Amino acid sequence: MIILLRLFPSLVSSSTRSIRTILRASYFPLFVCQDAGKETCVYPLPEPQDLFLASQMKFEDFQRDLRKQWKDLNACSAETEKVCNVSSEEHLQPFKDKMEEFLTRGKNIKGREEDKLRETGVCLFLELSMFFSVKPKAGEKEVSPNTFFTVWHEFSSDFKELWKRENKCLLQERLKAAEETFRQAREKATYSVKPKHASGIVSI
């Protein structure tokens, strides 16, 4: 699959009828939907713009943002504790309960986000990179989102152009088939054979 992704731009740029025939017959059908050839047909792959945005993200940025959020949350917790320590019992509520609820909810949310980032960034993304045999670039210890999604962005951009052309061709073929069906139905409706008598003479 990864080899096809790298070869696809050169295949698409080829003007030979044989290349287009091979792509249309063997590859394009893998991605067509039941609405292929219709105006309602939806592009079956991730949009190139979405893949470009994915290529710009860095897991390190997410980790840094989470660390900052934890730091802010801990600072808020410390300030809350200070306020509670210097306040009289009659003035603690509802401030204390509200802040404890807020801090507990915030810590739970940050904990889940850390788990999701660890699962997605460390496990799933690396497994996906290995599945497609993507190698790190020079200077990278591991495959980065930029390295991985740039390949997919280029592929999706090229494939979408082919998909639009082929979908347009299918649409035109369906229109021609519908026109031919309509023409035959109209000819059949206007053409009739007059019945014959037993004598063989056509009745008038």
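The values are calculated or read from the model by the stated rules, or taken from the named source; none is laboratory data. If you're wondering where the values come from, they're calculated on a predicted model, not measured in any experiment. Here Cβ is always computed from backbone atoms with ideal geometry, including for glycine, and neighbour counts include all displayed protein chains. Just the protein is used for accessible areas: all its heavy atoms, side chains included, with ligands, DNA and RNA removed. Shrake-Rupley method; radii C 1.70, N 1.55, O 1.52, S 1.80 Å.
Values as computed for the structure displayed
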item: Single condition Val12 does not satisfy, out of (1) modelled with pLDDT under 60; (2) in contact with a Pro (Cβ under 7 Å, 6 or more places away or on another chain); result: (2)
item: So Gln49, is it under 18 Å from Leu162 (Cβ atoms), in a helix (DSSP H, G or I), open to solvent by 40 Å² or more (accessible area, probe 1.4 Å) and modelled with pLDDT of 90 or more; result: yes
item: Filter result for Lys96 (assigned to a helix (DSSP H, G or I), out of contact with any Gly (no Cβ under 6 Å at 6 or more places or on another chain) and touching a residue at least 12 places away in the same chain (Cβ under 8 Å)); result: yes
item: Qualifying residue in the stretch 117-133 (condition: under 30 Å from Asp72 (Cβ atoms), part of a helix (DSSP H, G or I), among the acidic types (Asp, Glu) and open to solvent by 60 Å² or more (accessible area, probe 1.4 Å)); result: yes
item: One residue from Lys176, Lys137, Lys160 being open to solvent by 90 Å² or more (accessible area, probe 1.4 Å), in a helix (DSSP H, G or I) and not polar (S, T, N, Q); result: Lys176
item: Qualifying residue in the stretch 173-184 (condition: at pLDDT 85 or above and closer than 30 Å to Trp70 by Cα); result: no
item: Count - residues of the stretch 146-187 that are touching a residue at least 24 places away in the same chain (Cβ under 8 Å) and acidic (Asp, Glu); result: 5
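Okay, residues lined up against (1) open to solvent by 90 Å² or more (accessible area, probe 1.4 Å); (2) in contact with a helix residue (DSSP H, G or I) (Cβ under 9 Å, 6 or more places away or on another chain); (3) at positive phi:
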position: Leu53; (1), (2), (3): yes, yes, no
position: Lys58; (1), (2), (3): yes, yes, no
position: Arg64; (1), (2), (3): yes, no, no
position: Leu73; (1), (2), (3): no, yes, no
position: Lys82; (1), (2), (3): yes, no, no
position: Ser87; (1), (2), (3): no, yes, no
position: Phe95; (1), (2), (3): no, yes, no
position: Gly111; (1), (2), (3): no, no, no
